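K.L.:
Sharing a structure, written as structure tokens. Questions coming.
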Amino acid sequence: MNKIEQELRKKSPVQIKNKKASFDYSFVDTYTAGIVLTGTEIKSIRLGKASLVDTFCYINNGEIWVKGMNINPYFYGSYNNHEAKRDRKLLLNKREIRRLQEDTKAVGFTIVPTLVFIDDKGRAKVDIALCRGKKEFDKRQTIKEKQDKREMDRAMKNF
């Protein structure tokens, strides 16, 4: 991911993050994928009414799917509304899907969505990461690093 893409993500009006993913997993590789949405789902995402809690990705028949992603029904959707927790297809190249499929065959690796955002053309995108699960001591180390960083920031502000 280059610097321009990072700036576009920061400018995105919608950024739905999976905060628990960085705590539970260490990221090995990241990809940006499009997401296939139906009807009123894009309107709900633009309002920020989505959640990535307890989501994961799986590969089925050469396609990658996200499971457990919650997109709340659109308030003004009436009978056209969508199902909140359905499996949604992600759009990646065959080469990327094949690489992810090979990597997830190893023990301890999984694919987790980390961020949903709207790109500069108004399309919903998902950042997914190939992850390795952290052990308990790794999680404690992460907490300690965050606390140390906070203390250093406080010390710099007071200085």
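K.L.:
Compute the FRET efficiency between Gln147 and Asn70 as 1/(1 + (r/R0)^6), taking r as their Cβ-Cβ distance and R0 = 41 Å, and round to the nearest 0.05.
P.N.:
0.85
K.L.:
Taking the solvent-accessible surface of protein heavy atoms with a 1.4 Å probe, what is the per residue accessible area of the stretch 1-151 in Å²?
P.N.:
Value for the stretch 1-151: 64 Å² per residue.
K.L.:
If the reach is capped at under 17 angstrom between alpha carbons, list the aspartates and glutamates near Lys11, excluding any in the same chain fewer than eight residues apart.
P.N.:
Asp119, Asp120, Asp127
K.L.:
Sticking with this one: Checking the a/c ratio against 1.5 first, then a/b against b/c, what shape does the Cα gyration tensor give for the stretch 39-159?
P.N.:
Oblate, because a/c is 1.5 or more while a/b does not exceed b/c.
K.L.:
Would you grab the residues whose amide H sits under 5 Å from the one on Asn70? Only those 5+ places off in sequence or on another chain, please, with H modelled 1.01 Å from N.
P.N.:
Ser51, Val53
K.L.:
Let me ask you something else. Too long at a 27 Å Cα-Cα cut-off: which of Lys43/Lys94; Lys19/Lys49; Lys17/Lys135?
P.N.:
Pairs exceeding the cut-off: Lys43/Lys94.
K.L.:
Measuring from label point to label point, each 7 Å out along Cα→Cβ, what is the Thr30 to Tyr58 span in nm?
P.N.:
2.6 nm
K.L.:
Next question, about the same structure. Would you please name the GluC sites (Glu not before Pro) within the stretch 49-99 that are DSSP coil residues with at most 13 other C-beta atoms within 10 Å of their C-beta?
P.N.:
For GluC sites (Glu not before Pro) across the stretch 49-99 that sit outside H, G, I, E and B with at most 13 neighbouring Cβ atoms in 10 Å, the list reads Glu83.
K.L.:
Moving on. Whole-Hz ³J(HN,Hα) for each residue in the stretch 16-31, computed from phi via Karplus 6.51 cos²θ - 1.76 cosθ + 1.60 with θ = phi - 60°, x for glycine and proline: what do you get?
P.N.:
9, 9, 9, 5, 6, 4, 5, 7, 8, 10, 9, 7, 9, 8, 10, 9
K.L.:
Could you check how much of the accessible area of the stretch 83-159 is carbon and sulfur, as a whole percent, using a 1.4 Å probe?
P.N.:
Solvent-exposed carbon and sulfur of the stretch 83-159 make up 48 percent of the total.
K.L.:
For Asp120, Asp24, Asp29, give me the order by solvent-accessible area with a 1.4 Å probe, most accessible first, ignoring ligands, DNA and RNA.
P.N.:
Sorted descending by solvent-accessible area, the residues read Asp120, Asp29, Asp24.
The values are calculated or read from the model by the stated rules, or taken from the named source; none is laboratory data. This structure is a prediction, so every number in the text was calculated from the model and none was measured. When we count neighbours, we look across all protein chains shown, and the Cβ atoms used for this are built from the backbone with ideal geometry, even at glycine. Calculation scope for accessible area: heavy atoms of the full protein, side chains included, ligands and nucleic acids excluded. Shrake-Rupley method; radii C 1.70, N 1.55, O 1.52, S 1.80 Å.
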